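To start, the structure itself, in structure tokens.
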Amino acid sequence: MRRTLSLLNLNCRRASRLLSDARERPLSKLERFGLRIHLLGCRSCGRYRHQLALLDRFVRPAGDDPAAAPTLPADARGRIERRLAEAAGDGGTTPGG
Amino acid sequence: MPIESNITVAEPPRPRPVQWLGDHGDALYAYALRRVRRPEVAEDLVQETLLAAVQASGGFAQRANVRTWLTGILRHKVADHFRARHRGVQIDAGTLEDDALFDKGGQWRAGVPAWRGDPLRSAEAREFRAAVDACLAKLPATMAHLFLSRVDDGATTDELCGALGITPDNAWTMLHRARLRLRQCLAVNWFTTRPTPSPRRRT
């Protein structure tokens, strides 16, 4: 009962949690109802919801801008190349050795 | 009429690890570095990934996209890295500092001002990406990894929990904290300090 009441009278702290959870799991009917009521009266949480969607887009790496991405340092590249050559030499398809 | 024998017979595609390194090394490194943050760890993970790929290259012939295949292996290596880090250790979901965003009654202390414009399509897109990365870097490493796994890799709750050995509620709490902090960080470090050009701004 207490839980029910608190869901019908959400504050922003709880609403922000539900807005995040809504991206992870289906909300219960009561949660959806409480959230809708809160959003009717709270423009900040409405903007928060919108900004959560934007965050998803913002953190995806720039596939179209390879120049902005870090590159494998040359010394590491050389080291890995040697290890790969070794592995291909001893562990490969040819039996024996 | 004799046929010249220098026509090469088509062989099944052979794994070319060194070529993988050349073609995909940078992309794998960028992915790993964003997750684990330390260059030397990222380098090791790239090496382990390519070595594992050599071992597994029997299955390679069916793979249409080498980049996707290698990234999938790397993703598992990164997950192993975080699982090993947290074996038997409680993961800090972050609490106190996020509460500072709300007042005693649970209202936003500073409200949630609108974000105007689309920074990814502006001339400052590159700087904006750097700002996003800087905000990600301020999160605890596991929290950032969880958020990126969710958003960038599209991992499900089950996958997140299985990979880190945490409960769904724990995972959702951390995702919520990550979102609160990222939003706050971008609000402070980008959207309030760099108003996108817009004709009318109230002062």
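Just checking, which of A:R25, A:R47 is under 18 Å from B:Q184 (Cβ atoms) and of a type in the set (K, R)?
Just one listed residue meets the conditions, A:R47.
So, in the range A:80-92, how many residues would count as being loosely packed, with under 14 Cβ neighbours inside 10 Å and either modelled with pLDDT of 75 or more or part of a helix (DSSP H, G or I) (or both)?
Of the residues in the range A:80-92, 5 are loosely packed, with under 14 Cβ neighbours inside 10 Å and either modelled with pLDDT of 75 or more or part of a helix (DSSP H, G or I) (or both).
All but one of (1) touching a Gly at 6+ places or on another chain (Cβ under 8 Å); (2) modelled with pLDDT under 95; (3) within 7 Å of another protein chain (Cβ to nearest Cβ) hold for A:S44, so report the exception by its number.
The one condition A:S44 does not meet is (2).
Can you tell me how many residues within the range B:144-154 are at pLDDT 90 or above and either of a type outside the set (D, E, K, R) or over 19 Å from B:K77 (Cβ atoms) (or both)?
Residues in the range B:144-154 being at pLDDT 90 or above and either of a type outside the set (D, E, K, R) or over 19 Å from B:K77 (Cβ atoms) (or both): 7 in total.
Yes/no per residue for (1) within 16 Å of B:A187 (Cβ to Cβ); (2) modelled with pLDDT of 90 or more; (3) touching a Phe, Trp or Tyr at 6+ places or on another chain (Cβ under 7 Å):
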residue: B:R87; (1), (2), (3): no, no, no
residue: B:K104; (1), (2), (3): no, no, no
residue: B:G111; (1), (2), (3): yes, yes, no
residue: B:G117; (1), (2), (3): yes, no, no
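Here's the yes/no breakdown for (1) more than 30 Å from B:H176 (Cα to Cα); (2) at pLDDT below 90; (3) buried (at least 20 other Cβ atoms within 10 Å of the Cβ):
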| site | (1), (2), (3) |
| --- | --- |
| B:P2 | yes, yes, no |
| B:E11 | yes, yes, no |
| B:E43 | yes, no, yes |
| B:Q55 | yes, yes, no |
| B:V66 | yes, yes, no |
| B:L96 | no, yes, no |
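Pick from the range A:63-79 the residues that are surrounded by 11 or more Cβ atoms within 10 Å (Cβ to Cβ) and aliphatic (A, V, I, L, M): which of them is modelled with the lowest pLDDT?
Among those that are surrounded by 11 or more Cβ atoms within 10 Å (Cβ to Cβ) and aliphatic (A, V, I, L, M), it is A:A68.
Taking the conditions exactly as written (within 7 Å of another protein chain (Cβ to nearest Cβ) and at pLDDT 95 or above), does A:R60 satisfy them or not?
In short, no.
Checking the condition in contact with a helix residue (DSSP H, G or I) (Cβ under 7 Å, 6 or more places away or on another chain), facing chain A (nearest Cβ under 8 Å) and under 13 Å from B:F82 (Cβ atoms), which residue from B:L120, B:L164, B:L148, B:L160 passes?
Result: B:L148 is the single residue among B:L120, B:L164, B:L148, B:L160 that is in contact with a helix residue (DSSP H, G or I) (Cβ under 7 Å, 6 or more places away or on another chain), facing chain A (nearest Cβ under 8 Å) and under 13 Å from B:F82 (Cβ atoms).
Take the conditions surrounded by fewer than 18 Cβ atoms within 10 Å (Cβ to Cβ), farther than 15 Å from B:W108 by Cα and within 13 Å of the chain's Cα centre (by Cα) and apply them to A:D21. Does it pass?
For A:D21, the condition - surrounded by fewer than 18 Cβ atoms within 10 Å (Cβ to Cβ), farther than 15 Å from B:W108 by Cα and within 13 Å of the chain's Cα centre (by Cα) - is not met.
For B:R129, only one of the following conditions fails: (1) at pLDDT below 90; (2) of a type outside the set (S, T, N, Q); (3) in a loop (DSSP other than H, G, I, E, B). What is its number?
With (1) at pLDDT below 90; (2) of a type outside the set (S, T, N, Q); (3) in a loop (DSSP other than H, G, I, E, B) applied to B:R129, the lone miss is (3).
The values are calculated or read from the model by the stated rules, or taken from the named source; none is laboratory data. These figures come from a predicted structure and were not determined experimentally. Methodologically, a virtual Cβ is constructed for each residue, glycine included, from the backbone with ideal geometry; neighbour enumeration extends over all protein chains shown.
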